[in-house]
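Novice: Below you will find the structure I want to go over with you.
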Amino acid sequence: MTNKILDVLAGIRPEFDFSASSDYIADGMLDSIDVITLVSDLDKEFSICIEGVDILPENFRNLDAIRELLRKYGADK
Amino acid sequence: MNLVFGQRRIEGLLAVLPSNERRFIDEMEQFDFPIERSIKLKEMMGYDKHRIVDGPVCVSDLAVRGFEHLFTSGTLQKDDIDALVLVTQSPDYFMPPTSSVIQGRLGLKHDMFCMDINQGCAGFLIGLIQAFMLLDQPAIRKVALVNADVLSRKASSRDRNSYPLIGDAASITIVGRSQDATPIHANLKMDGTRRDALIIPAGGFREPSGPATCIREADAEGNLRARDDLVMNGSAVFNFVQVEVPPMIAALLETAQVDKDAVDAFVFHQPNRFMLQKLADKMKVPYEKMPSNIVEHFGNSSGVTIPLALAFNLRDRILGGTLTAVLGGFGVGLTWSSMLLRLGPLDFCEMIEYP
């Protein structure tokens with residue numbers, strides 16, 4: 001799952017190393033529009049439908065947060 | 001707040017769009033972002049074309065164009081208008097009310113009621129609610145509800161968060177009484193503690209415009225805007241809509257005792273395609289029952305998007321027949337409102353261009 005997430009992130013902002021940051025938002029690696037793009041790409045990559053109420057910056061702050069969100073939607077099964 | 005209205009009917013509606021059409025692909029270079037990211041944004045949000053006024057065109061100009069069309073075509077008689085309710089966030093002046101400007105320019109009768117309401121993306125619902133209440137008075141038989149905004153004039157052309165989706169437009173909705181009409185259910189909520197989510201910080205009496213308020217500065221995401229410009233906290237607005245709208249619609253249908261599957265169309269305010277499709281997913285409503293194509297064709301014109309969505313997507317169905325519709329508006333204030341009603345057959349449903 002981790003590699004897939006990193007691939008998705010790299011597809012959105014290829015100029016950054018997402019494995020080296022613990023806060024993509026604070027570090028300026030993802031802005032609000034990027035988060036929307038990330039949701040759309042994760043939906044497709046993991047065949048899930050992340051609900052709008054979960055589209056909050058804190059759910060996409062780092063790899064741990066994204067993994068936890070994806071588990072909520074059964075993406076690890 | 002739950003509301004119910006009896007013997008009320010939307011008789012017809014007209015949308016007025018500026019003929020000046022701009023394309024997102026031609027504007028991408030004015031934003032400080034790589035072209036590839038802008039293209040991604042276009043695909044996801046549905047940004048493509050938007051209609052904005054060309055030059056110093058005001059709300060009353062769009063409204064007068066619409067009324068003159070209705071008068072000259074014989075669709076509406078001047079003296080039949082007993083009240084004119086204008087909903088706008090971009091009035092011609094602080095004073096007088098722009099509804100009075102429209103009344104004067106059209107030469108409407110003196111024996112009538114004119115009022116302005118400062119509302120935005122929920123403005124079609126707020127305006128309908130006001131129109132329905134005015135019709136409680138026996139002297140008022142027909143209300144002309146005007147929704148109009150020219151907010152492109154208050155959006156920074158260097159702001160990727162707002163400018164590509166802004167649209168200018170006006171709509172005229174004629175509301176009257178009908179003995180046969182089924183009850184119209186509505187609900188409404190407001191939360192002024194979240195008022196900063198959509199705001200033009202300067203230009204009012206709190207922070208008058210001056211040399212400093214027109215200087216554009218970069219925000220954390222690289223958008224350039226001044227305090228005289230529209231500011232939209234996209235994340236806050238997105239979350240607000242996703243949290244508040246689905247339970248509002250569920251509560252409306254429960255109050256009205258109407259099954260979701262019996263609704264023919266969910267016609268909501270049109271912020272962008274992604275937001276609407278996420279709402280449809282959450283509410284388990286098929287995309288074909290919830291139009292989301294107004295931003296890509298015309299831009300987001302605040303309170304005009306619902307009547308525009310009706311005219312653009314459902315014209316034939318509401319001219320020739322009747323459908324059960326849920327309307328939903330949400331935005332500045334913050335304000336959110338929905339309405340369940342039977343729509344049609346309308347006397348007219350048109351889209352025209354300005355000038």
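Novice: Anyone know which of B:344, B:328, B:123 comes out most mobile in the 10 Å Cα GNM of chain B?
Specialist: B:344
Novice: In whole Å, what is the distance between the alpha-carbon centres of segment A:21-59 and segment B:158-210?
Specialist: Result: 28 Å between the Cα centres.
Novice: Right, here's the next one. Are there trypsin sites (Lys or Arg not before Pro) in segment B:168-261 that DSSP puts in a loop and that have at most 13 other Cβ atoms within 10 Å, and which ones? Could the numbers behind the result be given before it?
Specialist: Values: sites: B:177, B:189, B:194, B:195, B:206, B:216, B:225, B:227, B:260; in loops: B:206, B:216, B:227.
Those satisfying the criteria are B:206.
Novice: Under unit Cβ charges (Lys, Arg +1; Asp, Glu -1), what dipole magnitude, rounded to 20 debye, does chain B have relative to its Cα centre?
Specialist: Details: 36 positive and 43 negative charges, 77 e Å.
Charge dipole, chain B, about its Cα centre: 360 debye, nearest 20.
Novice: Something else now. May I ask for the percentage of alpha-carbon pairs in segment B:1-89 that lie more than 19 Å from each other?
Specialist: Numbers: 2424 of 3916 pairs.
Every Cα pair in segment B:1-89 considered, those over 19 Å come to 62 percent.
Novice: Work out the P(r) tail for segment B:47-133: percent of alpha carbon pairs separated by more than 14 Å, whole number.
Specialist: Numbers: 2548 of 3741 pairs.
Above the 14 Å cut-off, segment B:47-133 has 68 percent of its Cα pairs.
Novice: Of B:18, B:53, B:2, whose Cα points farthest to the positive end of the dipole of segment B:1-87 (charges on the beta-carbon: +1 Lys, Arg; -1 Asp, Glu; origin at the Cα centre)?
Specialist: Among B:18, B:53, B:2, the one farthest towards the positive end of the dipole of segment B:1-87 is B:2.
Novice: Going Cα to Cα from residue B:49, which lysines come in below 17 Å? Please leave out same-chain ones fewer than 8 positions away.
Specialist: B:40
Novice: Alpha carbons only, please: Rg and Dmax for chain B, in angstrom.
Specialist: Rg and Dmax of chain B, Cα atoms, are 19.4, 60 Å.
Novice: Run the numbers on chain B and let me know its relative contact order in percent, using alpha-carbon pairs under 8 Å that are six or more apart.
Specialist: Values: 822 pairs, mean separation 97.6, N = 355.
Contact order relative to length: 27 percent.
Novice: What does the structure give for A:29-38 when I average, per residue, the other chain Cβ atoms found within 10 Å of the residue Cβ? Show your work: numbers first, answer last.
Specialist: Numbers: counts 0, 1, 11, 8, 12, 4, 3, 11, 7, 0.
Whole-number average of other-chain Cβ neighbours for A:29-38 is 6.
Novice: Can you list, largest first and rounded to whole Å, the semi-axes you get for the protein assembly as shown by taking the square root of 5 times each eigenvalue of its Cα gyration tensor?
Specialist: Values: eigenvalues 293, 132, 64 Å².
Each semi-axis is the square root of five times an eigenvalue, giving 38, 26, 18 Å.
Novice: Here's something else I'd like to know. Please give the charge dipole size of segment B:1-112, origin at the Cα centre, charges +1 on K and R Cβ atoms and -1 on D and E Cβ atoms. Round to the nearest 20 debye. Let's see the in-between values first.
Specialist: Numbers: 13 positive and 17 negative charges, 52 e Å.
Here segment B:1-112 has a charge dipole of around 240 debye.
Novice: Compare B:111, B:32, B:228 in a GNM of chain B, Cα atoms joined below 10 Å, and give the one with the largest fluctuation.
Specialist: Ranking B:111, B:32, B:228 by mean-square fluctuation puts B:111 first.
Novice: Determine the alpha carbon to alpha carbon distance for each of B:189/B:282; B:109/B:189; B:142/B:189; A:72/B:289 and list only those over 30 Å.
Specialist: Details: B:189/B:282 20 Å; B:109/B:189 35 Å; B:142/B:189 27 Å; A:72/B:289 28 Å.
Those over the limit are B:109/B:189.
Novice: Okay, next question. In what sequence do B:191, B:264, B:61, B:180 fall when counting other Cβ within 10 Å, fewest first? If you can, show how the numbers build up before the last one.
Specialist: Details: B:191 13, B:264 18, B:61 22, B:180 7.
By the 10 Å Cβ count, ascending, the order reads B:180, B:191, B:264, B:61.
Novice: Can you give me the pair-distance distribution of segment B:301-342, C-alpha pairs, 5 Å bins, whole percents?
Specialist: 6, 19, 27, 25, 13, 7, 3, 0
Novice: Further, regarding this structure: Using the crude model of +1 on Lys and Arg Cβ and -1 on Asp and Glu Cβ, and no other charge, please compute the dipole size for chain A relative to its Cα centre, in debye to 20.
Specialist: On the way: 8 positive and 16 negative charges, 62 e Å.
Charge dipole, chain A, about its Cα centre: 300 debye, nearest 20.
Novice: Moving to a separate point now. So, how do all the Cα-to-Cα distances of chain A break down into 10 Å bins, in percent, from 0 on up?
Specialist: In whole percents, the pair-distance histogram is 19, 62, 18, 0.
Novice: How big is the antiparallel share of DSSP beta bridges in chain B, given as a percent to the nearest 5? Show your work: numbers first, answer last.
Specialist: Working: 42 of 64 bridges.
So the antiparallel bridges amount to about 65 percent of the total.
Coordinate-derived values only; no laboratory data. Computed from a predicted structure; not experimentally measured. All Cβ positions, even for glycine, are placed from backbone atoms using ideal geometry, and neighbour counts span all protein chains on display.
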